[in-house]
Amino acid sequence: MGEVVEASPKSMTPKQASTPPISAPPSQFHSPSLTRSPLLANEDNIQNATPRSSTPKTSTPRIRTPRFITPLGSPIRKVLHLTKLDPEDAWLPITESRNGNAAYAAFHCLCSGIGVQALVLPVAFTILGWAGGVISLTLAFIWQLYTLYILVQLHESTETGLRYSRYLQLCYATFGEKWSRCIALFPILYLSAGTCMALIIIGGNSSKQFYTILCGGTTCTSDPLTNAEWYLVFACGAVLLSQLPNLNSIAGVSLIGAITAVGYCTLIWVISVAKGTLPGVSYKPIQASTDIERAFDALSALGIVAFAFRGHNLILEIQATMPSSEKHPSRVPMWKGVKFAYALIAMCLFPLAIGGYWAYGRLIPATGGMLTALYRFHSRDTSRFLIGLTTFFVIINALSSFQIYGMPMFDGMESLYTTRKKKPCSWWLRVAFRAVFGFFLFFLAVALPSVGSVAGLVGGVALPVTLAYPCFMWLKVKKPKVLSPMWWLNWVLGVFGLVLSVSLIAAGIYVIRKNGVKASFFNP
């Protein structure tokens, strides 16, 4: 936790002595700080400043809030609930700046909520069929929107005065540190570092494709770059862009990422629908030979639908960039931004899935989905400009998404340093951290280019972060009345999410065992 400097009561001015103290119980993991310098502490009036909680009384120094800070629990409240402040939060990328707003939240949610994984949604329809595909897509969208609402509401507590600025912090507070490390740490790391690694692969391949399109399908040089070299080109661009200091500073990058994501999704489905259905297209669902294979295929298809809605591990981090007070809690503008963003996401994903399946049917490629289908079936009857523009949008969106998905990793690395050294990272150390992170993922992308073949398995592991854990968090924190509608709703969704996750893991293992994994180490 942040170093707290204790101020002697004799050295305080009358104005300071009249300011209500802020309690910081030892159970606090990380809490907001809006200044760069550590805050003063005071032992006065401990009993009056202690919020209602089960935390035992300790001699932990109390942190004093400067006058220019408006904490979540305002001192003028009828019942005194005070915000616990951690000075180290002002040194970390996620909470360094708290000047966010609803527009910034919408940009970040759009950039993180739409990705190339949505392009394979029509592949799920080839197994589920029209009815099963539309129903599962609709239910998954409503489900993840509900769990988003839960996380937004749980970000800040007027009872304890705490703000949970990171998903893992809320897990620690809800399930305990030991359990959280077992059930949540790896999925969250995968959703951040694993996504960044996949973006390097996608961005590198798309860069190579864009270069080929610019050359008109011919080789521009006698010695073209290899796939690994294209990965390096993309990784260098991502590392260079990652030097922006904090999450608020990349709002413009997220806006560009959101525009390009909406752009390439729209271009792909519009071109596909405008060209009409392919000759001999079939909409009959693919049927395996045995009941077990059909069951696992259906589970794999549901996994594709569920994994299309990622980004929950970033919601609390995005909301942490907003100022918050009792009169103006951050959950209000955050929910406005989320609603606007996911309205646009729905306008992209549903036409992409339905229109793509209508245009290609069972001919949709399993690898790459709609993007591969566009190259394979319409590269000759569509203008090179539109094909190139779509590919360019994919590259820019991958660069932008790398920044927001990498920010929790940057925050975690710097947190380890500030916790040990009790001071913020210097600029050169921050540059080094982010460069090491980017190029290490580049090395993994070159060493393990076939990681996409096991994405369904790992996606099953990460699914509870999106669909199950928020429901259990609501039950633990809000404690709805037993057997009430909210109690039943969260228990049913939470348990079903865990069962679905286990089923997807089993299906992923079965598919890997059946089809095998094409090992191409250091041969992208």
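Annotations for the structure displayed:
- Note on region 95-452: with neighbouring protein chains present and a 1.4 Å probe, carbon and sulfur make up 69 percent of its accessible heavy-atom surface.
- Projected label distance in nm at TRP488 and THR290, using a 7 Å step from Cα toward the beta-carbon: 3.9
- Rounded FRET efficiency, nearest 0.05, which uses the C-beta distance separating ALA346 from VAL436 and R0 of 56 Å: 0.90
- When region 95-452 is reduced to its Cα atoms, the Kirkwood hydrodynamic radius in Å: 21.5
- Phi angles of region 237-254 translate, via the Karplus equation with coefficients 6.51, -1.76, 1.60 and θ = phi - 60°, into HN-Hα couplings of x, 5, 5, 4, 6, 6, 7, 4, x, 9, 5, 5, 6, 9, 4, x, 5, 5 Hz per residue; Gly and Pro are given as x.
- Taking amide H as placed 1.01 Å from N in the peptide plane, the amide H of GLU156 sits under 5 Å from that of TYR164, each at least 5 places away or on another chain.
- Approximate spin-label separation ILE512-THR367, in nm, with each point projected 7 Å along Cα-to-Cβ: 1.8
- A crude spin-label estimate for the pair HIS328 and LYS479, with each label 7 Å from Cα along the Cβ direction, gives 3.3 nm.
The values are calculated or read from the model by the stated rules, or taken from the named source; none is laboratory data. Keep in mind that what you see is a predicted model, and the values were worked out from it rather than measured. Cβ: placed from backbone, ideal geometry, glycine included. Neighbour counts: every protein chain shown. Remember, those area values only see protein heavy atoms, side chains included, never the ligands or the DNA or RNA. Shrake-Rupley method; radii C 1.70, N 1.55, O 1.52, S 1.80 Å.
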